[in-house]
Every structure is written in structure tokens, then in C-alpha cells.
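Have a look at the structure that comes next, please.
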Amino acid sequence: MTTRLFPLLGLAALAKAATVTYDFSIDWVTANPDGMFERPTIGINGKWPLPIMEANVGDQVIVNAFNNLGDQATSLHFHGLYMNGSTHMDGPSQVTQCAIYPGSSFTYNFTVKQPGTYWYHSHTKGQYPDGLRAPFIIHDPNNPFKDMYDEELVLTVSDWYHDQMPGLLNFFISKANPTGAEPVPNSALLNETQNLTIPVEPERTYLFRMINMGAFAGQYVWFEGHNITILEVDGIYTQPAEADMIYLSAAQRCSFLLTTRNSTTENFPIVASMDTTLFDQLPEDLNYNVTGWLVYDSKEPLPEPAILYEDFDPFDDMTLIPWDNEPLLGEPDRIITLDVIMDNLGDGANYAFFNNITYVSPRVPSLYTALNAGELATDPRIYGEYTHPFVFEKDEIIELVINNIDSGRHPFHLHGRSFQAVWRSEEEAGTFEDSNVTSESFTPIPMKRDTIVLFPEGNLVLRFRADNPGVWLFHCHLEWHVQSGLIATFVEAPLELQKELVIPKNHIDACEAAGVPTVGNAAANLDYLDLTGQNMPPPPLPAGFTTKGIVAMVFSCISGILGVAVIAWYGFADVPKEEPSTIVAPGKAAGAEGGVVEGDGNGSGSGDDASSPTAQKETVVGTISNNGDDEITASGGGRDRVP
């Protein structure tokens, strides 16, 4: 059993603002958190799990980051912090900074102005599931609930892969995986370990700050024999709300009170169960639950948890009421509709799209383009077609309508702020436009957070005020979908930025070390309306070439290769002299094996350009193996995909 708690320093007792400095050497270590496979893991200062970061509201935080990885670039994003006045400290590579190349340093310097439960992680090339992730707690001397609990504990839940992300991503976004089946985690973890034990005392109230730091799996969480009282989600204080089970998607946080029993005769399981509806396959050896225990008495046994199979009934976060009772924002100045689509491009791989655009990083970080473009900074064209840019004026009220034209859940995260969640449909409700819902149906005091789950084939409406000048991403926080392009770029009040912001020399030095230009448009051209040379996704599929066709082609190629191999083997084999005693009738060859492709039998496409994907569905059953160095296997069976 493992007792691995993240101790908190309780900085809130120090009311005076301070400077909190962290010196991080980001390097490789070896870890085996699930006890099944030892693997290279990204640590800090030679250790993993990583150190928890802490500060008080009003503190200045300085992080001196040195990349000692040797073979990978990196960056740090402080997830959920609004970075008011400090958009250049937000962390996504090629958005607000250049990646930190091996041997280079980068200084993050910002003032924290909001309390709550956050975390920090890499925002470069899908890297954080390899270990670069940890909690970041901002203490509040004026916490309205500070007299309601005796002690604070940080509890993280996450998924864990035995293979490293570069190899997994190379397979995931490839023609060998045309359905876009996401790699399934090998394990779930609590506080980056398994069999976690948390010593507790009777009749004591604990504030748990819980964070899902996973790459993919949402998690159902419950404490047997105990209810909880929710007080905060994603840094937003809420009116207290009782719950017996919560659901945390990747990147979501929830703080809650748990009051222990008055008896010490029993210990109680803590269970986190991965949301397997996200997985296209369920490996036979996958244990999708991870169990810890509230330990009242270490001499008493640790009981097995009760098993739940499909009877999950988590608390509905849409019913939460913010502590500040902020009413619904007024009628929007702009309404932006984004349709979530999965489709294939001309390289045969599966990509993620908002409308008809899959994100591709610009050659110049988008923030640097905004700062150098003069009056043209308000023209979204200069940021490149494939960053999917939207430019907002200061204090505009923005309404986002997101329609899920996909059969999977998607947790969407907005950098730079929280939002009001004014409407969320049930599963399979279709698009918002077709739902006949009007603003009269919106909640008068909406729930607020920075990461929210969009249900399969459902819709979602968010509102926010554009009051934080900067360049901010809006993206799905399933790391596989970040890398396959489910991102939009919000450029907010760029002319205000030009008056207020100067990029530090340390940041420019990082770009020079990486050989990345810092002036020009998305194509690094000084003629800001000339996008010749911008980074682009693969071309569309030829007309009529659908996902079904790709799968059929892959299996046909495999079958052809196997057929040629069999013929060659037969040709070189010794011919027996005796007459055969058995003749096999045509069409009755024994022992044939292979994948099966099921569909409607129509192999022709709609003729649509792949940049405007259609919503035809199919189910693919079968197995594709890559037996190279990465030893990766993916199965296409499971949920429907939208070609």
C-alpha cells in the first residue's frame, strides 16, 4: 500500500504578497507507478511525481525552467490561470511562446490574481502524459469556506501509458489507424500511484482538492460510506452542493468537503473508474478502476470496493450555482458556431476539425504576430487559415455554440478565463440549431468553469466577456484530439496588447535557440496578408475516397502482401511425391483468418471535399498492428466514427 499525499504549506496564513520562485530542471527519470512496467518519465529536478506548486492570491510567481531532456522540446502551461496582463506566460508552444529546446532556459513570471485548484503541464507535442504534470494550488486568505474544514488534501486522478507519447502519436495520426482509434491507457492512478492510502481521523472535515491530470480518460469518483459537499470547480467557488459521486473529465478540478465518521472500526475504499465509453476497445487485461482507501485504523483490513458496471449516476455540474451569483451575461455581440467533426485527409490519417478546419501551428507564434502587425492585428487572416483564428474587440460578449457531430465525449477548455455554461443538451440531441432551444431556456445564474464536457452527438452553449487581452486557445482537452487538430485561436483586443505588452529577451532567446522566427504573419512573411508558405495540413482525400475506402485499402494491401508471401513460400517448398488423399473444394479453404469490415456495402463517397466533412457513419471491426519498435496495437471496433 502507498501513502503518497501532496503536503500543502498552507501559505494563506501569510497575508502579505510575496515572490514565490521555482527552479525547474526538466529531465528524464525512470518510474513505474502502476507496478507493471518501468519506463522513462519526465521529471523535475531528478524526481517524479513532480513538486506541487503553491502560492497565495496576489503573489508573484517566477518559474525558471531549464530543458534538460536532450531529445525533446517542452513548455509549461498553468492550467486554469487567467494570466491577466500576462498572456505571454500562458505556455502553449507556437501560440504565446516558442518551445523551450534542449539546453535552453525560459522564465515564466506572473502574478496570481485568483484562488483555487489548478495544475501545470507541458503544452508541447502531446508531452504531458509522459509525466510533466502536477497540481498548482492558489490559497485564498479570504476563502469563504475556510472555517468549514480542518485540513486540506490534494488528490489527483490520471491515466497512465506504458508507451511513450511520440511513438503513440506517430501511430495514432497515421494511415495505419484510419478510424482514429485513440490509444487506450494501461492503468489509472491516484496521486500518481496505485493502492493509495490516506490516513484520516474521526469526526474531522477535510477539504479535498481533486484534479484529473489524465490525457484521455474521464473518471467517475466516489468514497464508499461517505458523501461529499462541492465548494469549487475549476477555481470557481460554488454554493455548497451535496454529492455521492462526481465525474471529472481530463483537466477538470473539483474541491469538496468530506467529514469522517465517528468510529475507527472500518476503512473505506476510494474508487476512480475510467469512463470506458471513450475507448474504442477494451483490452482484456485492462483494470479500468483504481482504488485507494480512507484509513481510520491501519490495523484494520482494506476492504474491496463494491463493483459498479453501468450504474453510474454522477452529480450534474450544470446545476451548480456560483458563489458570486453572477447572472447570465446579456445578449451576445457575436455568436460563433463550431461543429466537432472527425474525418480523414489525403495522407489516410484521421484528424479532428472545428467546422472544416483542423489546426496546424503557425511558423511564428500567434501572439508575436499580433504584437508586430500594427493595425492589421485585427485582421484574422494574418494568423493563418489553419490556426482557426477569431479576433474579438475588448469587452465584447461572445457566445460559443458547439455541436458534436461525433459519437464521443469531448471536454472543452478555454485558456485565459472561465465561461458561463448556459446550455448543455443530453446525448444524441443533435445540433443546437435544430433543438428549438432559445435563450429563454438558459439558466439565469449559470454554472461557471474553464473545462466542460460536451456529450456525444449533443450541443453546448457558452458565454463570456472578452475582457482579458491576449491570445487564447479553445480546444478539446483529450490530448489525442489536441494533436489531431481540435483547436481554435481567440485573439482578444490585439491593439490593446500592442500598447501594454513587451516580450522579454529571455523568450526571444528561446526562439533563436529553436530557429523559430518572431516577426511576420503565420507564414513568417512581413507582407502580413501574404500567407505563402504557411504551415498546412495534408490535402483533402480525392473525391469519393471515404474512411471506409481507406480501411478496405489497408486490409486489401495486407491481404495482397500475405497472398504474395504464401505463393512465394509455396513456390520454394518441396513438392511431395505421393498423390494427395484429399481435395479441398474451391471456396472452402480452411484456416482463413482476418479482419472484418462491416458497412452498408456502398464503397463510393459523397463527392464532398474532405475539408467539408459529411456525417456518414460506419462501424469498423478488426485489428491493425504495428510491430515496429513501439509495439503498438490498435483495434477499430467500438463506437461509431464520423468519416
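The values are calculated or read from the model by the stated rules, or taken from the named source; none is laboratory data. Source: prediction; values computed, not measured. Glycine gets a Cβ as well: all are built from the backbone with ideal geometry, and neighbour counts include every protein chain shown.
Go through (1) in a helix (DSSP H, G or I); (2) surrounded by fewer than 24 Cβ atoms within 10 Å (Cβ to Cβ) one by one and return the number of the condition His88 breaks.
Single failed check for His88: (2).
Identify all residues within the range 254-272 that are under 14 Å from Gln219 (Cβ atoms) and in contact with a Pro (Cβ under 9 Å, 6 or more places away or on another chain); write none if there are none.
Here is the first cut: in the range 254-272, the residues under 14 Å from Gln219 (Cβ atoms) are 254, 270-272.
Answer for the range 254-272, where residues must be under 14 Å from Gln219 (Cβ atoms) and in contact with a Pro (Cβ under 9 Å, 6 or more places away or on another chain): Ile270, Val271.
Take Leu50 and tell me if it is in contact with a helix residue (DSSP H, G or I) (Cβ under 9 Å, 6 or more places away or on another chain) and hydrophobic (A, V, I, L, M, F, W, C).
On the way: in contact with a helix residue (DSSP H, G or I) (Cβ under 9 Å, 6 or more places away or on another chain): no; hydrophobic (A, V, I, L, M, F, W, C): yes.
In short, no.
Would you check which residues across the range 108-142 are acidic (Asp, Glu) and not in a loop (DSSP other than H, G, I, E, B) and list them?
Asp130, the sole residue that qualifies.
Here's another thing I want to ask about it. Going through Ala510, Ala493, Ala522 one at a time, which residue ends up being assigned by TED's automatic domain parsing to the domain that holds Asn404, crowded, with 21+ Cβ neighbours inside 10 Å, within 20 Å of Ile100 (Cα to Cα) and among the small types (Gly, Ala, Ser)?
On the way: Ala493 fails: within 20 Å of Ile100 (Cα to Cα); Ala522 fails: assigned by TED's automatic domain parsing to the domain that holds Asn404.
Only one candidate passes the filter, namely Ala510.
Sticking with this structure for a sec: Of the residues Gly46, Gly10, which single one is over 17 Å from Met213 (Cβ atoms) and at pLDDT 95 or above?
It is Gly46.
What do you reckon, is Gly470 more than 23 Å from Gly180 (Cα to Cα) and under 18 Å from the mean Cα position of the chain (by Cα)?
no
Out of all the residues in the range 301-323, which are surrounded by 13 or more Cβ atoms within 10 Å (Cβ to Cβ) and more than 26 Å from His410 (Cα to Cα)?
Leu302, Pro303, Pro305, Trp323, listed by residue number.
Counting only residues that are surrounded by fewer than 23 Cβ atoms within 10 Å (Cβ to Cβ), give me the strands (runs of 3 or more DSSP E) lying completely in the range 325-434 with at least 2 of them.
Result: 334-344, 389-392, 397-404, 410-414, 419-424.
Another question, if that's okay. Identify, please: which residue in the range 464-488 is among the polar types (S, T, N, Q) and under 23 Å from Pro129 (Cα atoms) and is, among those, surrounded by the fewest Cβ atoms within 10 Å (Cβ to Cβ)?
Gln483
Can you say whether Pro185 is in contact with a helix residue (DSSP H, G or I) (Cβ under 7 Å, 6 or more places away or on another chain) and surrounded by 23 or more Cβ atoms within 10 Å (Cβ to Cβ), as far as the supplied structure shows?
Working: in contact with a helix residue (DSSP H, G or I) (Cβ under 7 Å, 6 or more places away or on another chain): no; surrounded by 23 or more Cβ atoms within 10 Å (Cβ to Cβ): yes.
Taking the combined requirement at face value, the residue does not satisfy it.
Applying the selection to the range 351-406, what residues are in contact with a Ser or Thr (Cβ under 7 Å, 6 or more places away or on another chain) and of a type in the set (A, V, I, L, M)?
Ala352, Val364, Leu367, Ile382, Val391, Val401
Are any of the residues in the range 143-153 under 25 Å from Ile236 (Cβ atoms), of a type in the set (A, V, I, L, M, F, W, C), touching a residue at least 60 places away in the same chain (Cβ under 8 Å) and in a strand (DSSP E or B)? Break it down stepwise before answering.
Narrowing the range 143-153 to residues under 25 Å from Ile236 (Cβ atoms): 143-153.
Cutting the leftovers down to of a type in the set (A, V, I, L, M, F, W, C) gives us 145, 148, 153.
If we keep only those that are touching a residue at least 60 places away in the same chain (Cβ under 8 Å) too, we end up with 145, 148, 153.
Applying the additional criterion that residues be in a strand (DSSP E or B) yields 153.
The answer is yes, given that some residue of the range 143-153 is under 25 Å from Ile236 (Cβ atoms), of a type in the set (A, V, I, L, M, F, W, C), touching a residue at least 60 places away in the same chain (Cβ under 8 Å) and in a strand (DSSP E or B).
Moving on. Return yes when Pro33 is in contact with a Leu (Cβ under 6 Å, 6 or more places away or on another chain) and either loosely packed, with under 14 Cβ neighbours inside 10 Å or not aromatic (Phe, Trp, Tyr) (or both) and no when it is not. Break it down into steps so the answer makes sense when it comes.
Details: in contact with a Leu (Cβ under 6 Å, 6 or more places away or on another chain): yes; either loosely packed, with under 14 Cβ neighbours inside 10 Å or not aromatic (Phe, Trp, Tyr) (or both): yes.
Judged against the criteria, Pro33 is a match.
Right, here's the next one. How about the range 89-113: which of its residues are touching a residue at least 40 places away in the same chain (Cβ under 8 Å) and under 12 Å from Gly416 (Cβ atoms)?
Those that are touching a residue at least 40 places away in the same chain (Cβ under 8 Å) and under 12 Å from Gly416 (Cβ atoms): Asp90, Pro92, Val95, Thr96.
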